[in-house]
Amino acid sequence: MEVPKDQISTLLDQGLYSSAQMLGCFLVSSPAANAESSPHLKSESLVLLGDALFREREYRRAIHTYKQALQYYKIIPKQNSTTTRSSLQSNRSSSPNSFNVSAINENEVKFKIALCYCALSDNKAALVEMEGIPSKARKLQMILLMGKLYRYARHNRAAIAYYKECLRHCPYVFEAIIALAELGVAAKDIISLFPQTPIRSGKTPFDHFDSNRWLLRYVEAQCCIASNDYKGGLELFLDLLQRFPNNIHLLLEIAKVEAVIGKNDEAIMNFEKARSIDPYLLTYMDEYAMILKKKSDYSMLNKLVHDLLNIDPTRPEVFVALSVLWETKDERGALTYAEKSIRTDERHVAGFIMKGNLLLAMKQPEVAVSAFRNAQELRPDIRSYQGLVHSYLALSKMKEALYAAREAMKAMPQSAKALKLVGDVHASNSGGREKAKKFYESALRLEPGYLGAALALAELHVIEGRNGDAVSLLERYLKDWADDSLHVKLAQVFAATNMLQEALSHYQAALRMNPQNEAAKKGLERLEKQMKGVDPDAPDDDEDNEVDDADGDQEETELL
């Protein structure tokens, strides 16, 4: 009795993978698919069964089945082999979604095996399979996968070569554009790869600069972001958004950059706009969760996490969002979710950032250093530098902290946050406070609205007994930026100078703006003790920890 081979293809095309798998078992074991008399039919049947297993996400079974198919393919007589190859070129797609075939292609089966290994996060085995495919036989999706696998293996030169090859085939492979930008390739070099061969109208795809200007500007934007020129990248993305309003991809890219540079209100607005267009988005939603946590908007955070769990509870973004939500309740539980996001996707930067911040909060700075290093290797941004600096300071490793802060300043010379980071290291010891003051002031000149630097400078004034200067600075900022953190800092200064009524007023103002502000809650508790005449415990004075680095001082002066 014959098993209809074409019917398994129909089932696969219709998405009935479980039925296709069952029928495949009959097909593989039928007398017609005898390994000795019909090795070609046996190999074809095994590939179809492997395709069904692939779609059912039974990747190890699929690999085993595909490899069996290749073994039988090798014993097909050479004359049949030639026919097989030629027939496949016209009939067979390399995607596991297409199955209307009459023969198999060895190279495409190897590609499917590689895809299975990738799904199992076994990138080394995937690369071995892909390297077994002759370069001339590799299609565009194969070339892209080669680029990704070499990048995962940290063979960046080879990865760049494959990503460039992708763009020579098609300029719209956005994954290749982003990867090349992140690997440090200049925008002009990426644009030079775009095909210049004439099309039917006789014009080349990029003859008319204006008509394709958007793609060139997109390349420039990604290169700006990758080189930490967030301001330049943001301007280019916003310009593109005017041309393509309500573009979800652009809205998410803009919101992500705004989140990184601390423009939280703008980021929230753009994340919400993207979600209003497509409520089932998952991309960068963990970044959105982190901002909501910073703003102490727990009702929105709860709703976001609830929505994400209903969309797909297996994605790394969802695990990070859960980690953010659990942070205030149970730090260990939050850490479990952060680690789960990394196990789901070992290249998920937000997972490493979240893990590092949690470990730092849990007084485990040594392990936090490792997490921030991992984030930095994947895609460095200001947050990984901040994490490294604060981890090293917690470990009293001042030289390492200063080195990391200077690295941030070199990588982001136009970043007020990077300047503030160097100031933080100098401020950690009494001998460096004058240097710290210069860095904080430079940060505020570069970005007058950067409250982090204003608060740090105010703290420095207080430490050195210049309470009046601290109050003047904070009140000046409060006129233009209504922020609960400014009220808290003012309250702390007033409390330290025994102006208790003024301190009470500012703590209450901070809690009206943000009822979840922990610093305001603790400060108010402390203030109530003072108002009752009880002297609260004075904070311990930190021991001086000098940093002596003459070469670095000269380098800093040049950068300033």
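The rows are residues; the columns are (1) within 25 Å of Val318 (Cβ to Cβ); (2) crowded, with 23+ Cβ neighbours inside 10 Å; (3) touching a residue at least 24 places away in the same chain (Cβ under 8 Å).
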site	(1), (2), (3)
Glu339	yes, no, no
Lys363	no, no, yes
Ala375	yes, yes, yes
Arg379	yes, no, yes
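Looking only at the stretch 253-274, decide whether some residue is free of Cβ contacts under 8 Å to residues at least 12 places away in the same chain and surrounded by 19 or more Cβ atoms within 10 Å (Cβ to Cβ). Yes: one or more hits.
For the condition exposed (fewer than 15 other Cβ atoms within 10 Å of the Cβ) and at pLDDT 90 or above, Gln21 does not qualify.
Scan the stretch 480-508 for residues that are closer than 20 Å to Asn467 by Cα, surrounded by fewer than 20 Cβ atoms within 10 Å (Cβ to Cβ) and either touching a residue at least 40 places away in the same chain (Cβ under 8 Å) or among the hydrophobic types (A, V, I, L, M, F, W, C) (or both) and jot them down. Residues satisfying the conditions are Ala496, Met499, Leu500, Leu504.
Give me the residue from the stretch 441-479 that is without any contact (Cβ under 8 Å) to a residue 60 or more places away in the chain and of a type in the set (S, T, N, Q) and, out of that set, surrounded by the most Cβ atoms within 10 Å (Cβ to Cβ).
Looking at the filtered set, the residue picked out is Asn467.
Checking each residue of the stretch 51-73 against the condition of being in a helix (DSSP H, G or I), over 39 Å from the mean Cα position of the chain (by Cα), closer than 29 Å to Leu144 by Cβ and at pLDDT below 90 gives at least one match. Looking at the structure I just gave you, is Ser43 modelled with pLDDT under 90, open to solvent by less than 30 Å² (accessible area, probe 1.4 Å), under 44 Å from the mean Cα position of the chain (by Cα) and not hydrophobic (A, V, I, L, M, F, W, C)? Criteria met by Ser43.
The values are calculated or read from the model by the stated rules, or taken from the named source; none is laboratory data. Since the structure is predicted, the reported quantities are computational estimates derived from the model, not experimental observations. Reconstructed Cβ throughout: ideal geometry from the backbone, glycine too, with neighbour counts over all protein chains shown. Side chains included, ligands, DNA and RNA excluded: accessible areas come from the protein's heavy atoms. Shrake-Rupley method; radii C 1.70, N 1.55, O 1.52, S 1.80 Å.
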